[in-house]
Each structure stands twice: as C-alpha cells, then as structure tokens.
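The values are calculated or read from the model by the stated rules, or taken from the named source; none is laboratory data. Since this is a predicted model, take the numbers as computed values, not measurements. Note that each Cβ is placed from the backbone with ideal geometry, even for glycine, and that neighbours are counted across all protein chains shown. Note: areas computed on protein heavy atoms with side chains; ligands, DNA, RNA excluded. Shrake-Rupley method; radii C 1.70, N 1.55, O 1.52, S 1.80 Å.
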Amino acid sequence: PGPDGVKALKAANIAVVGVANNVASGRENILKSLAVLDANGIIHAGAGRNIDEAHAPAIVERKGVKIGFLQYTARWYRDTDMIATPSDAGVAKVTSIDGVTIDPSDLERLRRDIRSLRPQVDIVVVSEHNRDGSTPVQFGTTKGTRASRNRSRTEDYQKQFAYVALDTGADLVFGHGTHTVQGVELYKGKPILYAIGHSNFDQPGYEKSTDGLVVRVVMQGKHILRVSYVPETRDGNNDVFLLDP
C-alpha cells in the first residue's frame, strides 16, 4: 500500500513489527520502509542499516514488563538486494537449503542474539518468515520448489529453529509466510506456533488462502501464563473476522 500503510498499524495500536521477509527487497527500499515506521513511533526487528542493526531486538515495556522481539527470514530472493552485511542495509536471515537443517553460522548468530537479549527483558519472542520451500532464485533449481511440498506441514528446519531458540532462552516462537496455518507444539513447556497464516492479505493468487490465527499471550508477573488462539478468515472485501473455534 506504500507509506500510507502505516496508518493501519497506527489505527490498530501496533507497537512493534517484524520486517524480515522475502518481499523486503532493495536496500534503499528497506531503509525507506524503516524510516516510515520510525517517523510514526513503531519499533521494528529484522532489518537495519547493517547486519548488527538487522539482528538488534525490538523492546517494548507494558505495565513494568519488558518484552523483547527478534525476527528473521528463511525466504528471500537475491542476497545482493536483501541480506544485511557488515556494511550494507538488509534483513536478518536463517539459511536452510534443504528444509531440514539450518546453516551452522546462522544458528550460532541466533543463539548469540538471544543470549544478548535475555538479560535485558522479561519475555523473549522470536519469529521467523518461513522458507516455504526453496526458490530457484534463492538456492538454484535443484533444491525443490514450493509446489513440491504441502505448505500446511512444518519443515524440519522450522523445528530446529524453534528448539534452538527456546533452548537458548526464548519464551515463545512463531512463524509466518507459508500462507497457511501449521501445527502448534509445546516444547519443554514453551509454545511454538509454526505458521499463523493470514490476516488481511490481498496479493493476487491467494484469494482462497484465507486461514489465520489471532494469538493471545497472557502474562502474569513477568512470565507467560498461557497462550490461546482463535481462527480467523476474511470476506470478499478483505475484512477480517474471527471464527467460533
């Protein structure tokens, strides 16, 4: 929607957003988007002027509780247009070529990000824009495509990402980007939502991909008390409404 899209975020009282995904393309474009968010007081995680900024957390405080967010993408197109480097703007990534394992250096950066954030906040939330199958532009033609898999099924690398994040100190992990709802898991008592699907979304070709989840996280003291979710869909006008579970 262009820069005016921020009006919807402000109207909904959105305080923090993740911006690492496959459509954050063009380093100048990424910086312009961040500038719009900054000008409107909406903090963000997942992109920045260099790799350190892209991996920096977004922190909000509510009623004396500090919540830290980290965000990454496992799907992108051209490294030269999108991926943050020590000197170039871009997004934070996790690389999985086969959908099974994650590049060890990216896993170690994930651990380092969480360890750095953990002492600063009470709750750590980590999210990831799912790989959704590899793309020929991203990994070449031999690695499989989105059409070769069921997007409602969680890939093994998503589990590895979530388990590592929670073992390192995160409290909740969620995923998005497959245009579907995927499974929910409790791992050592901590919640994982592998893909929460759509909200209002009007990209051509996804008219029938209407499923999504609204997730509610209740905190008591400085801990997560419970997590619940309600299915949502949207009508022909792209208006979102909740469904009876």
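Restricting attention to segment 197-235 and to residues that are closer than 19 Å to Ala8 by Cα, among the acidic types (Asp, Glu) and assigned to a loop (DSSP other than H, G, I, E, B), the residue that is most open to solvent (accessible area, probe 1.4 Å) turns out to be Asp202. The test for being among the β-branched types (Val, Ile, Thr), without any contact (Cβ under 8 Å) to a residue 60 or more places away in the chain and open to solvent by 40 Å² or more (accessible area, probe 1.4 Å) holds for Thr80. If you go through segment 177-193 and keep only what is closer than 21 Å to Arg226 by Cβ and of a type outside the set (S, T, N, Q), you end up with Val181, Gly183, Val184, Glu185, Leu186, Tyr187, Lys188, Gly189, Lys190, Pro191, Ile192, Leu193. Out of the residues in segment 156-170 meeting the condition of being of a type in the set (S, T, N, Q) and more than 15 Å from the chain's Cα centre (by Cα), tell me which one is most open to solvent (accessible area, probe 1.4 Å). The extreme case among them is Gln160. Looking across segment 199-229, just one residue is among the polar types (S, T, N, Q), in contact (Cβ under 8 Å) with a residue 12 or more places away in the chain and closer than 17 Å to Gly189 by Cα, and that is Ser228. Among the residues of segment 104-113, is any modelled with pLDDT of 95 or more, open to solvent by less than 10 Å² (accessible area, probe 1.4 Å) and part of a helix (DSSP H, G or I)? Within segment 104-113, one or more residues are modelled with pLDDT of 95 or more, open to solvent by less than 10 Å² (accessible area, probe 1.4 Å) and part of a helix (DSSP H, G or I).
Gly99 meets all of the listed conditions (1) closer than 21 Å to Arg49 by Cα; (2) touching a Ser or Thr at 6+ places or on another chain (Cβ under 8 Å) but one, namely (1).
Residues in segment 177-196 that are modelled with pLDDT under 95 and within 13 Å of the chain's Cα centre (by Cα) were compared, and the one that is least open to solvent (accessible area, probe 1.4 Å) is Thr178. Do we find that Ser127 is modelled with pLDDT under 95, touching a strand residue (DSSP E or B) at 6+ places or on another chain (Cβ under 9 Å) and within 30 Å of Met219 (Cβ to Cβ) in this structure? Taking the combined requirement at face value, the residue does not satisfy it. Here the condition is being farther than 25 Å from Lys7 by Cα, part of a loop (DSSP other than H, G, I, E, B), out of contact with any strand residue (DSSP E or B) (no Cβ under 6 Å at 6 or more places or on another chain) and among the charged types (D, E, K, R); of Asp98, Asp52, Asp81, it holds for Asp98 alone.
One residue stands out among those in segment 47-66 that are under 20 Å from Glu128 (Cβ atoms) and touching a residue at least 60 places away in the same chain (Cβ under 8 Å): the one that is surrounded by the fewest Cβ atoms within 10 Å (Cβ to Cβ), which is Ile59.
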